[in-house]
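Structure, as structure tokens:
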Amino acid sequence: MKKWIAGLAGILLAVTLAGCSSGDSATVANMNGAKITKQEYYDEMKTSSVGGEATLRNMILAKALDQQYGKKVTTKQVTKQYNAVKKSYGTSFAYALEQNGLTTKSFKEEIRTSLLSEVALKDLKKVTQKQLDTQWKSYEPKITVQHILVAKKAKAEDIIKLLAKDNTEKNFNALAKKYSTDTGTATSGGKIAAFDNTDTSLDSDFKTAAFKLKQGEYTTTPVKTTYGYHVIRSIKNPGKGKESDHTKELKEQLYTTWESDSTVMTSVMKQVLEKANVSIKDKDLSDVLDVYTSTSSSTASN
């Protein structure tokens, strides 16, 4: 969740939608009936953490996305995501916002723009069967495990011997509380939040060992990671099953990966901007969209 504050949708960092101003109404950019005025642009630059051209580029992208996909992202969706992030940060949420130069309003606007970019991605880039087949090779279902972490291999082997006598969740819970050096999970019997193949927080060797376990099984040899030696027990593993049963999950995994791929997202934003028919009125900013398109039609000044 914290990626929302660290940086939304990669290329859409620090995007905020400026409200209409009663100041200078000179137009900086037009797009399909909408416009960005000089005053709006100036007001945005005063609070933006990026440069002038980047600010305008982000404003144009935000407006273009809103024009084309605005009806597909609701206030309820934005609020739900906002509340989830706020909950994940707890009492440090206000500080996190301040450190990133955000307010409640601007952060919600960033969330909205990020959600709009996700909608655009799914609309403009379709998943092929070949891509699904490739993703299936690395797919693992969401599983739940518990583990015991110790510093020495011999201690892990001793714990495995104890499990051989009583391989129950209750016994594993007791052993975790007694021996595990992972203070974050020891008191809860070593239980770890459910994860699948897309998880990036866990050690790869740990995940490989965990995915091999059928429900109720445990590792009969210690699993070494940079943290020490683990004994892992599977609490829930639904099994991989057939590819055709997981098409939806595979697509979501691909889209999640693409959202963090700057090449993919640049291509998507290029299509959004081309459809927006953007016209830059300020000649000094005529090349502001060149990062997305090499054509002159998007940045024409006439």
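Worth pointing out:
- Selection from the range 247-258 of residues that are in contact (Cβ under 8 Å) with a residue 40 or more places away in the chain and within 18 Å of Ala194 (Cα to Cα): Glu249, Leu250, Gln253, Thr256
- When residues in the range 151-169 are screened for being under 18 Å from Asp182 (Cα atoms) and assigned to a helix (DSSP H, G or I), 9 of them pass.
- For Glu140, the conditions (1) of a type in the set (Asp, Glu); (2) surrounded by fewer than 17 Cβ atoms within 10 Å (Cβ to Cβ); (3) under 30 Å from Thr187 (Cα atoms) all hold with the exception of (2).
- Qualifying position, being surrounded by 15 or more Cβ atoms within 10 Å (Cβ to Cβ), touching a Leu at 6+ places or on another chain (Cβ under 6 Å) and in contact (Cβ under 8 Å) with a residue 24 or more places away in the chain, among Val127, Val150, Val145, Val119: Val127
- Any hit, the range 102-120, residues being closer than 30 Å to Lys242 by Cβ and part of a strand (DSSP E or B): no
- Search result, residues across the range 102-113 that are open to solvent by less than 60 Å² (accessible area, probe 1.4 Å) and not charged (D, E, K, R): Leu102, Ser106, Phe107, Ile111, Thr113
- Looking only at the range 223-243, and only at residues there that are under 28 Å from the mean Cα position of the chain (by Cα) and part of a strand (DSSP E or B), the one that is surrounded by the most Cβ atoms within 10 Å (Cβ to Cβ): Ile232
- Leading residue by the ranking (farthest from Ser260 (Cα to Cα)) among those in the range 182-220 that are of a type in the set (Val, Ile, Thr) and touching a residue at least 40 places away in the same chain (Cβ under 8 Å): Thr220
- Candidates Thr256, Thr220, filtered to the one that is under 30 Å from Thr168 (Cα atoms), β-branched (Val, Ile, Thr) and either out of contact with any Gly (no Cβ under 6 Å at 6 or more places or on another chain) or not in a helix (DSSP H, G or I) (or both): Thr220
- Residue tally, condition surrounded by 13 or more Cβ atoms within 10 Å (Cβ to Cβ) and closer than 15 Å to Thr221 by Cα, over the range 160-184: 4
- The single residue among Ser201, Ser267 that is open to solvent by 30 Å² or more (accessible area, probe 1.4 Å) and outside any loop (DSSP other than H, G, I, E, B) turns out to be Ser267.
- The single condition from (1) modelled with pLDDT under 90; (2) surrounded by fewer than 17 Cβ atoms within 10 Å (Cβ to Cβ); (3) in contact with a helix residue (DSSP H, G or I) (Cβ under 9 Å, 6 or more places away or on another chain) that Ala276 fails is (2).
- Selection of first residues in the range 225-246 that are under 13 Å from Gly190 (Cβ atoms) and of second residues that are aromatic (Phe, Trp, Tyr) and at pLDDT 95 or above, restricted to Cβ pairs under 8 Å at least 6 apart or on distinct chains, gives the following pairs, ordered by first then second residue: His230/Phe206; Val231/Tyr218; Ile232/Phe206; Ile232/Tyr218; Arg233/Phe172; Arg233/Tyr218; Ser234/Tyr218.
The values are calculated or read from the model by the stated rules, or taken from the named source; none is laboratory data. These numbers come from a predicted model, not from an experiment. Ideal geometry is used to build each Cβ from the backbone, glycine not excepted, and the neighbour counts take in all protein chains shown. Accessible surface areas use protein heavy atoms only, side chains included; no ligands, DNA or RNA. Shrake-Rupley method; radii C 1.70, N 1.55, O 1.52, S 1.80 Å.
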